[in-house]
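A short write-up of the structure that comes next.
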Amino acid sequence: MKRILPSAFLLILTLLFIVPRPALSGSDREQEIRTIVTTFVTSRTAGMGWDVTIRRMAIPNVQKLPEGNIEYEIVAPKQWEGWGNVSIAILARQKDKVVRNISVQIDVEALADTVVTLRQLDHGTDITAADLVVQKREITQSSHLAARKVDEVTGKIARTTIRANQPVCSDMIERVPLIKSGQTVTIIGENEVLKISVAGIAHSSGAVGDIIRVKNMTSLKEIPARVIDASTVQVAL
């Protein structure tokens, strides 16, 4: 389930700190930048429901920054979702002139509610609430699309074998198909002037609302149709 960032961060990729700061020595600049980056990460992930910690922050050559008031602009990659390793640019300005472009490497740990299996679920297993638990887990490349609530998973079946203690992602599960490939179905269609009902054969499987391929046994043509129930599909006329 893909997580969507707040709209403000889709449009605004930079966070500008324009309040003049007291004059600092070069030795104090690192803490100043750490504070600014922490504020940026907190703002970027606000409203996501995550527990966020910056595990590592590498700030090079801060002693080369000049003394005096500095304004900072932070620019993060557009595709960064607020977790993991990322390199961000910090533009340091003094009197409207860029005096340094600092590349800061950060590693952000984000913990989120994650649906995890309590036992191994083999391919085709009907998933129930008894098979699942919600735990705080770190968001990673392999788990960032994991379900966050049990009811997103219950009532579905495993598309593949899911190991015990593994986050359940959307591509691991599917809805229970009401119609299976090879099954005889009734094909219906209706508009203002015509209503049809003919026999057909399903050439793919699907749950309610899915579009599957069916063969019209009267015309012998294969057509797309929407699953209505366990034995009926509907075509557009």
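The values are calculated or read from the model by the stated rules, or taken from the named source; none is laboratory data. Everything numeric here is computed off the predicted structure, so don't read it as measured data. Here Cβ is always computed from backbone atoms with ideal geometry, including for glycine, and neighbour counts include all displayed protein chains.
See the values below:
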item: Subset of region 175-197 (residues that are of a type in the set (S, T, Y) and more than 15 Å from V208 (Cα to Cα)); result: T184, S197
item: Pair list, Cβ under 8 Å, 6 or more apart: region 48-67 residue not assigned by TED's automatic domain parsing to the domain that holds G84, other residue surrounded by 13 or more Cβ atoms within 10 Å (Cβ to Cβ) and at pLDDT 90 or above; result: none
item: Single match in I54, I88, I157 (criterion: closer than 20 Å to I36 by Cβ, surrounded by 14 or more Cβ atoms within 10 Å (Cβ to Cβ), of a type in the set (A, V, I, L, M) and touching a Pro at 6+ places or on another chain (Cβ under 9 Å)); result: I88
item: Strands (runs of 3 or more DSSP E) contained in region 34-102 and holding at least 2 residues under 22 Å from R148 (Cβ atoms); result: 51-58
item: Subset of region 91-108 [over 29 Å from the mean Cα position of the chain (by Cα), surrounded by 17 or more Cβ atoms within 10 Å (Cβ to Cβ) and β-branched (V, I, T)]; result: I102
